[in-house]
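Heads up: the structure comes next, in C-alpha cells.
The values are calculated or read from the model by the stated rules, or taken from the named source; none is laboratory data. Since the model is a prediction, treat every value here as computed from it, not as a measurement. Positions of Cβ are backbone-derived with ideal geometry, glycine not excepted, and every protein chain shown enters the neighbour counts. Keep in mind that these areas ignore ligands, DNA and RNA; they rest on the heavy atoms of the full protein, side chains included. Shrake-Rupley method; radii C 1.70, N 1.55, O 1.52, S 1.80 Å.
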Amino acid sequence: WSMFGSYLAVASTVINGFTIPGGEVPCNKVEQFDTVTGKWTALAAPSVSSRTDCYPVYANSRLHLLGGRFGRSSDDAAAIVYSSMTVYDPAGAGTLVSDLNPGADSQRHAYSFGLDSANNLIWYFGGSNDDGANIWTGALNSIRTYNVITAAWMTTYTNCPVKRWSGAGGYLNAKFFHFFGIDENNALAGDVRIFDPASGANGIWSTDTSN
C-alpha cells in the first residue's frame, strides 16, 4: 500500500513488488518494494493519472494496465472509464498505449483477468463500461486477449452467455475461469464460468455451479 497526497479512496495494487496507487484523486506515481530491505523506492511516473477498478499485470518485464475508472461515480461530472492499455517499463519508464477496439465495449473497469505466460497472453473478461452509480447497467460479457510481445488484441472469441462485472479470474490448464461477480441486474453470481478457447470455432463457455 502507498499514500500520495490527499486520497479519498486508495486501491493500490502490488504485483511482483511494484505498486500503482489507485483512488479518486489524480496520482501517477509508481513504487517498488524490496522484500529484502523492506524499503520502498519511487520510480519514474507514467504518463497516466490515478485509476481505480483496474489491475496491473506483470508480464514480459513490464506492467500492463487496462482501462479503469477515474472520478467519484454519480457525484462527479468528470468521471471517466478508460479504454486504453498502458504498458509501463520499470527499467526505461516508457509508456505505450494501444486502444482495445472501437465502440462501447472498448471501455471497461472492474473486470477479471488471467495470465497465459506460455503464449504471452493476458486474458480479460467482462467488467463494466458505466461510470455512474449504477455500474451494473454497463456490465459486459466479452472476453479478449492481449499479446504482451506484439501488442495485438484478439477480439473474436465467443461472448459469454451472461454478463459479469467484479468477481475474480484466472488462467489454468489452457482455460480461462471467471469466479462469481455481479450481473447486469446487480445480483450476486454464485457460479464459475469457464472458457475453453480451443473448442469450437471461437471457443466455448461452460458453467460450474457446484460451489
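Quick notes
- Order by protection proxy (mean Cβ within 10 Å, highest first), peptides 151-164, 30-43: 151-164, 30-43
- Note on the stretch 119-211: the alpha carbon radius of gyration divided by the globular reference 2.2 N^0.38 Å gives 1.08.
- Using a probe radius of 1.4 angstrom, the carbon and sulfur fraction of the accessible surface of the stretch 139-211 is 52%.
- Modelled spin-label separation between residue 98 and residue 35, with each label point placed 7 Å from Cα along the Cα-to-Cβ direction: 2.8 nm.
- For the stretch 164-170, the Karplus equation 6.51 cos²θ - 1.76 cosθ + 1.60, evaluated at θ = phi - 60°, returns couplings of 9, 9, 6, x, 9, x, x Hz by residue, with Gly and Pro reported as x.
- Remark: the stretch 85-211 carries 46 Å² of accessible area per residue (probe radius 1.4 Å; ligands, DNA and RNA excluded).
- Column: log10 I(q)/I(0), Debye, Cα scatterers of the stretch 132-174, q = 0.14, 0.21, 0.22, 0.34 Å⁻¹: -0.47, -0.91, -0.96, -1.16
- Theoretical gain in end-to-end length, residue 172 to residue 202 [0.36 nm per residue, Cα-Cα removed]: 9.0 nm
- With the simple model of a label 7 Å out from the Cα in the direction of the Cβ, residue 58 to residue 153 spans 2.7 nm.
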